[in-house]
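Report on the following structure.
Nothing in this text is a laboratory measurement; each read-out follows from the coordinates by a stated rule. The structure displayed is predicted, hence computed values, not measured ones. Counting neighbours? That spans all protein chains shown, and the Cβs are built from the backbone with ideal geometry, glycine included.
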Amino acid sequence: MKHPLLFTVLSSTVCITTVNATNKTPENTAPTKSKAPNVVFIYADDLGYGDLQCYGAKNVETPNVNRLAKSGILFTNAHATAATSTPSRYSMLTGEYAWRKKGTDVAAGNAGMIIRPEQYTMADMFKSTGYTTAAVGKWHLGLGDKAGTQDWNAPLPCALGDLGFDYHYIMAATADRVPCVYIENGKVANYDPSAPIEVSYQKNFEGEPTGKSNPEMLYNLKPSHGHDMSIVNGISRIGYMKGGGKALWKDENIADSLTTHAIQFIEENKDKPFFLYFATNDVHVPRFPHDRFRGKNPMGLRGDAIVQFDYCVGEIMNTLEKLGLRENTLIILSSDNGPVVDDGYDDKAEELLNGHSPAGPLRGNKYSAFEGGTRIPAIVSWPAGVKKGITSDLLVSQIDWLASLASLTGAIMPKNTAPDSYNFLGSWLGKDKKDRPWVIEQASNHTLSVRTKDWKYIEPSNGPKMIQWGPKIETGNSKEPQLYKMQEVKEVTNYASQMPEKVTELQNILQSVRDG
Ligand code: NG6
Ligand code: CA
């Protein structure tokens, strides 16, 4: 059931159904296939609100993202649904808040596929209107049938082909989790029969070195917290694996490998509408950029990883330009959650910040209920359909991409799918000035917040105030209700006791969304 509060807002406004290539807006017509824009998501990992030059970053140059922003809309009040990857991506790809579904916390590399084949996804939506679809990059939503049952030496019983993706070339989870191989169309890419793959998140395989027992085998990127299990390419990871041989990725080549596969997909599909979900490994740990990007800015590896990300963005844009596709390609660039500096490897990211603030002016980081956990960069560019050079402070959420883009393509979403996704296409394309009445944000310990344009309510939680496993990261937890005035930007003064009516109003919104 669609949420009554949102329904009231939406039913009183005219929704844009499509925008064609000549920048006119015919009312209530779905685009013909020849005019449907290609859609490319460039989805970064752990890239913060303040990490890009066009968002005020210091110490790092991001000329390609700056160019993308100049060619479209830069959003200053856009939100991911969660402060970690798996729930954020689950929500974005299905249009259902992850907290409605069990098993959507940060997934192990041998998690079973969390989005089930019968669920409707972003890729299904595009496919239903004739798009060719692909996912390239970090997946982190599980594969195969059940956790721990995958045979990585055979085709997986279910993979992204069952979720509407015609092609996929992905990392099962994250670069810091085994298995350290790419999966291409449900099978390990470059499979090496001489080195069968075994994976366990329970115990090590006999005789295999780990970061804990064999620190002398580690490259100079040592774990600072956790990450002391199997060693692959001289880097210890979360989880145990054996084998892999020639199929093992090389960390310094991940960005190039993903970008090359993304470009190949674009080239192969240049004559028909395509949807590409390009989910970069940057700037997640272990940060291990290629030599070309090392030592290029004062922030060390984290800064180099941002530059590497920017390079990949440039490569995608250049490819589209070269093929004459840029004009009618809608690019959405964003991040799955807020930034983190020390995320478990001693890469000196903390010491080398040199005044850079990864979350910009916001309080909190990845994992946090504070704004820095979920307010993320978001840029939308579509030369044929969106005005250029705009900055938008509209309140928007990634949860709405599915319904909004369905409205753009003319897809008819089956009933009872994407229950939390609403059509805010006009806001995302800069055609109208409609804020989302509220967005819901999920912290890593499941604390929920309600954010309106002016206020934010964080529900009480018994969780600790700081992350428990090491670095100094604020969780945003408090046993008391918290109410912040967002005009003050930084969540410092708690107005809850002074403004009980506002607290009740926001609590009611949260309750009704929960019940919805
Ligand atoms: C944490 C890991 C962190 C990162 C995160 C997931 C430790 C100490 N920390 O458990 O390094 O992998 O999970 O990040 O192991 S995410 O962006 O994919 O959600
Ligand atoms: Ca992430």
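Observations, loosely collected:
- Whole-Hz ³J(HN,Hα) from phi, Karplus 6.51 cos²θ - 1.76 cosθ + 1.60, for the range 389-397, glycine and proline x: x, 9, 10, 10, 9, 4, 7, 9, 9
- Cα principal axis extents for the range 442-515, largest first, Å: 37, 30, 20
- Annotation: aspartates and glutamates with alpha-carbon distance below 20 angstrom to Lys246 (same-chain offsets under eight excluded): Asp151, Asp176, Glu184, Asp192, Glu198, Glu208, Asp256.
- Residue pairs exceeding 28 angstrom between C-alpha atoms, taken from Lys270/Lys366; Lys138/Lys434; Lys322/Lys348; Lys387/Lys434: Lys270/Lys366; Lys138/Lys434; Lys322/Lys348.
- Given charges at Cβ of Lys, Arg, Asp, Glu: the chain dipole, positive-most of Val386, His79, Leu333: Val386
- Loop-located chymotrypsin sites (Phe, Trp or Tyr not before Pro) in the range 416-450 (DSSP state not H, G, I, E or B) with no more than 10 neighbouring Cβ atoms inside 10 Å do not occur.
- Span-like helix ranges in the chain, DSSP H, alpha carbon extent 27 angstrom or more, Kyte mean at least -1.0: 300-322
- Its Cα centre serving as origin, the chain has a Cβ charge dipole (Lys and Arg +1, Asp and Glu -1) of approximately 1040 debye.
- Only lysines eight or more places from Lys502 in sequence, or on another chain, were considered; those with a Cα closer than 21 Å are Lys453, Lys456, Lys479, Lys485, Lys490.
- Projected over all directions and averaged, the alpha-carbon convex hull of the range 31-80 occupies 4.8 nm².
- Annotation: amide H-H contacts under 5 Å for Val181 (H modelled 1.01 Å from N, sequence separation of 5 or more, or interchain): Ala172, Trp249.
- Cross-link partners of Lys465 among aspartates and glutamates (Cα-Cα below 16 Å; sequence separation of 8 or more within a chain): Glu371, Glu474, Glu480, Glu491
- Residue order, fewest to most surrounding Cβ atoms within 10 angstrom, among Cys54, Cys312: Cys54, Cys312
- Positive end of the dipole of the range 138-178 (Cβ unit charges, origin at the Cα centre): among Gly164, Ala147, Val178, the Cα lying farthest that way belongs to Val178.
- Cleavage-rule hits, GluC sites (Glu not before Pro), the range 193-299, DSSP coil, Cβ neighbours within 10 Å at most 10: Glu206
- Antiparallel DSSP beta bridges within the chain, as percent of all bridges there, nearest 5: 55 percent
- C-alpha center-to-center spacing [the range 379-457, the range 205-282] in angstrom: 32 Å
- Normalised contact order of the chain, rounded percent, pairs of Cα under 8 Å and 6 or more residues apart: 23 percent
- When you filter the GluC sites (Glu not before Pro) in the range 302-393 for DSSP loop state and at most 16 other Cβ atoms inside 10 Å of their Cβ, you are left with Glu327, Glu350, Glu351.
- Electrostatic dipole magnitude of the range 80-138 [Cβ: Lys, Arg +1; Asp, Glu -1; Cα centre; debye, to 20]: 80 debye
- Listed residue pairs exceeding 30 Å between alpha carbons, taken from Lys102/Lys415; Lys35/Lys296; Lys102/Lys203; Lys146/Lys222: Lys35/Lys296; Lys146/Lys222
- Size of electric dipole in the range 442-515: Cβ of Lys, Arg +1 and of Asp, Glu -1, about Cα centre, debye, nearest 20: 220 debye
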